Amino acid sequence: MDTPLTGRTALVAGATRGAGRQIAVQLGAAGATVYVTGRTTRERRSEMNRPETIEETAELVDAAGGVGIAVPTDHLEPDQVQALVERIDREQGKLDVLVNDIWGADHLTDFESPVWKQPLDSGLRSLRLAIDTHLITSHYALPLLIRRPGGLVVEMTDGTADYNGTHYRESIFYDTAKNAVLRLAFAQAQELRPYGGTAVALSPGWIRSEAMLEHFEVTEANWRDGTAKDPHFAISETPVLVGRAVAALAADPQVARFTGQSLSSGQLAKEYGFTDVDGSQPDAYRYIVEVVETGRPADTTGYR
């Protein structure tokens, strides 16, 4: 089994479910020791009130061949994040990969109302969950990451810089949050460069997270039935694709060529040659622009 990340240490901040969970699993499959954090444990749920837990994620990392270590952490609490990084330092003495995937604000997002009709408290909290958490985590984690050249920071967002730069993301708070993370990656790239570190922004396409499958009233086994609700659901991808994207970046000795850039799972699938679990390489953003936005009928031929 190919395990290019054996001996490497990663922190996936926000690994309870969705993209974060599979990023952790795929890093584990490549041999890494992965610290997985989140607010939902077997004893306590976060405000999102979903059943997935960080303990389950750690067990999936173990099953994939890595070492998963679950650490309950609220990334809005600096003391908790500091304690997390100190533990990684104490136990591993290094940090090679930081993935800032914290979000946890789906339940706060209103895609229908203009800013003056949205609850201000909910909107501002979503920004704290999306932006403050990433900054707090990087503040404490980067001094450990830069001890050795070659460290990688992956800022997870929704939408590439090209796509978001010309498309309103339907909610002023969501739009601000996801575009701010793109800028966080660019800024960290400048600050890490003198230390031999790399920072990138990464977006999945239309991801079949646990919540998305529930929304379409399907499971992963019969996900194509979701096209009855929206035919363009055919371009969707599993969280494994973006997980494999992060693992490929972490294993690439020339990853610095991407520093400061905005990347997508579909783009990196072609760059590195990996696929989704069904063997396809869905390119969601090209599909959205060329098929959905031009009013063409749903047809993924040439897009996955």
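A few comments on the model shown:
- For the chain, the equivalent ellipsoid derived from the Cα gyration tensor has semi-axes of 28, 22, 20 Å, listed largest first.
- When the convex hull of its Cα atoms is projected in every direction, mean area for region 44-132 (nm²): 7.5
- For the chain, the 222 nm mean residue ellipticity estimated from helices alone, with every DSSP H stretch of n ≥ 4 adding -39500 (n - 2.57) and the total spread over all residues, rounds to -11500 deg cm²/dmol.
- Listed residue (T160, V181, I136) projecting farthest to the positive dipole end of region 97-182, Cβ model: I136
- Each Cα pair under 8 Å and six or more residues apart adds its separation to the average, and for the chain the resulting relative contact order is 17 percent.
- Over region 1-101, the hull volume per residue, using the convex hull of the C-alpha atoms, is 86 Å³.
- Relative to the Cα centre, the charge distribution of the chain, modelled as +1 at Lys and Arg Cβ and -1 at Asp and Glu Cβ, gives a dipole magnitude of about 680 debye.
- Alpha-carbon centroid distance for the pair region 1-18 / region 97-138, whole angstrom: 25
- Under 5 Å from the amide H of G68 lie the amide H atoms of V34, D62, each residue being 5 or more positions distant or on a separate chain, with H modelled from the backbone and absent for Pro and chain starts.
- Cα gyration tensor, region 252-304 - rounded (a/c under 1.5), prolate or oblate: oblate
- Percentage of interatomic Cα-Cα distances in region 122-163 larger than 14 Å: 61
- Largest-first principal axis extents, alpha carbons of region 145-304, Å: 51, 35, 27
- Of interest is the spacing of the C-alpha centroids, which for region 196-268 and region 62-86 amounts to 23 Å.
- Relative contact order [Cα under 8 Å, 6+ residues apart], region 171-304, whole percent: 28
- Helices meeting the span-like rule in the chain (full DSSP H runs, Cα extent of at least 20 Å along the helix axis, mean Kyte-Doolittle score of -0.5 or higher): 172-192.
Read-outs throughout are calculated quantities, based only on the coordinates presented, and are distinct from any laboratory measurement. The shown structure was predicted, so the numbers you read here are calculated from the model rather than taken from an experiment. Glycine also receives a Cβ, built like all others from the backbone with ideal geometry; neighbour counts cover every protein chain displayed.
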